[in-house]
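To keep things clear, I will list the structure first and then write my remarks on it.
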Amino acid sequence: MIYFLIVNYYSTSLVTKLISSIPASIDAEYKIVIVNNSPEDYSIEELSSKSVHILNSRDNLGFGCACNFGLQWIYNIDSNATVWIINPDAYFDTISLERVKYFFYSHPEVSILGTIIHTPSEKIWFAGGSFLSKSGSISTPDLLTDTNVDYVICDWVSGCSLIINLKNFSDCPQFDDAYFLYYEDFDFCRRYANQGYLIAVTKDFGVLHQPSSITNRYIFKKTKHSTYSYLLTLEKYTNNLIFIIRLLRLLINALVLTFFRPKVAYGKFAGLLMYGRQAIKKNKTIHGADESSNPV
């Protein structure tokens, strides 16, 4: 069974377009699971059907935690399922579910698979993720255009279109709940890659994506969360020197943007402040634990 997992945040019209782009399939059964991250968005209930199941959250859980909610629900039903996490602002031009099914039959070694992503104007938006820990560089090179293979191993793939082969996991895979929005896909891939799971990207099938059609409605929040998550990611996957250099670069960039794009600048400052507060809280927790484990 293929499960499409969609996180909704006031995006009923986009989700409707996405669902309508999924063709009926004779040889590949599928279900659609929508995690409603906007509890007051009652319009999403209109999409409920035999093939569409809606999970309502009490609050906005953030992307990663909402995915965890949906993944756990699916895993409890079918731990051998194929789960395709897809953004509500993405949709299919053409897609063969039989081809997706055959891909994992032919390549059971792939645990997390990203797909090629195009914009509606047919420009490549994502074709593989790269990471250099020595410099902290997180990039999206085109790994697919000049290849004729079924897949290319890469460092990370985009959560906009990410397929999980659940049968390769002894427990339900989960995103780190420290991430509210942005970089949770990068962390997800690096964490499981470090445990020996194979991460890859393919051009055998893909989606069309309207970049930031949702998050651009909330520029301040978007920048705040992306800044915080970026710093959290650098802390986890680079060394102290690289972290400090990139932190200073980010701070200088925020100061410059104050004069040209104040909403973006204030979002960056808010993200820096958020990270600082969390770092202080974490430090106090660690020191408190050390003191309690070593009583005088």
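Against the criterion of being closer than 24 Å to Phe63 by Cβ and either buried (at least 18 other Cβ atoms within 10 Å of the Cβ) or modelled with pLDDT of 95 or more (or both), Arg246 qualifies. Tell me whether the stretch 61-76 contains one or more residues that are free of Cβ contacts under 8 Å to residues at least 60 places away in the same chain, more than 19 Å from Val207 (Cβ to Cβ) and in a loop (DSSP other than H, G, I, E, B). Yes, because at least one residue in the stretch 61-76 is free of Cβ contacts under 8 Å to residues at least 60 places away in the same chain, more than 19 Å from Val207 (Cβ to Cβ) and in a loop (DSSP other than H, G, I, E, B).
Mind checking which residues of the stretch 130-152 are assigned to a strand (DSSP E or B) and under 14 Å from Leu198 (Cβ atoms)? The one that is assigned to a strand (DSSP E or B) and under 14 Å from Leu198 (Cβ atoms): Val152. Being hydroxyl-bearing (Ser, Thr, Tyr) and in contact with a strand residue (DSSP E or B) (Cβ under 9 Å, 6 or more places away or on another chain): is that true of Ser161 here? Spelling it out, Ser161 is indeed hydroxyl-bearing (Ser, Thr, Tyr) and in contact with a strand residue (DSSP E or B) (Cβ under 9 Å, 6 or more places away or on another chain). In the stretch 6-19, is there at least one residue being in a loop (DSSP other than H, G, I, E, B), within 18 Å of the chain's Cα centre (by Cα) and of a type outside the set (Phe, Trp, Tyr)? Yes, the stretch 6-19 has at least one match.
Taken over the stretch 1-41, the residue count meeting the criterion of being of a type in the set (Val, Ile, Thr), touching a residue at least 60 places away in the same chain (Cβ under 8 Å), farther than 18 Å from Leu181 by Cα and crowded, with 19+ Cβ neighbours inside 10 Å is 2. Inside the stretch 126-140, residues that are surrounded by fewer than 21 Cβ atoms within 10 Å (Cβ to Cβ) and under 18 Å from Gly159 (Cβ atoms) make up a count of 5. If you go through the stretch 261-280 and keep only what is at pLDDT below 90 and either outside any helix (DSSP H, G or I) or under 26 Å from the mean Cα position of the chain (by Cα) (or both), you end up with Gln278, Ala279. Lys50 falls short on exactly one of the conditions (1) more than 18 Å from the chain's Cα centre (by Cα); (2) crowded, with 16+ Cβ neighbours inside 10 Å; (3) without any contact (Cβ under 8 Å) to a residue 40 or more places away in the chain, and that condition is (2).
With respect to (1) modelled with pLDDT of 95 or more; (2) farther than 23 Å from Phe131 by Cβ; (3) not charged (D, E, K, R), the lone exception for Ser229 is condition (2).
Looking at Val152, is it surrounded by fewer than 19 Cβ atoms within 10 Å (Cβ to Cβ) and at pLDDT 95 or above? Yes; evaluated as a whole, the condition is true for this residue. With respect to Ile116, is the statement that it is outside any loop (DSSP other than H, G, I, E, B), more than 17 Å from Gly159 (Cα to Cα) and of a type in the set (A, V, I, L, M) true? No; evaluated as a whole, the condition is false for this residue.
Out of Thr238, Thr233, report the one residue that is farther than 29 Å from Ile22 by Cα, β-branched (Val, Ile, Thr) and under 15 Å from the mean Cα position of the chain (by Cα).
That would be Thr233, the only listed residue that is farther than 29 Å from Ile22 by Cα, β-branched (Val, Ile, Thr) and under 15 Å from the mean Cα position of the chain (by Cα).
Applying the set (1) surrounded by fewer than 18 Cβ atoms within 10 Å (Cβ to Cβ); (2) of a type in the set (Asp, Glu); (3) under 24 Å from Ser38 (Cα atoms) to Asp171 leaves exactly one unmet item: (3). Residue under question is Ser111, and the condition is that it be of a type in the set (S, T, N, Q), surrounded by 20 or more Cβ atoms within 10 Å (Cβ to Cβ) and within 25 Å of Gly128 (Cα to Cα); does it hold? The answer is yes for Ser111.
With respect to the stated conditions, Glu46 fails to be out of contact with any Asp or Glu (no Cβ under 6 Å at 6 or more places or on another chain) and assigned to a loop (DSSP other than H, G, I, E, B).
The values are calculated or read from the model by the stated rules, or taken from the named source; none is laboratory data. Only a predicted model underlies this, so the values are computations on that prediction, with no experimental measurement involved. A quick note on method: Cβ atoms are made from the backbone with ideal geometry, for glycine too, and the neighbour counts reach across all protein chains shown.
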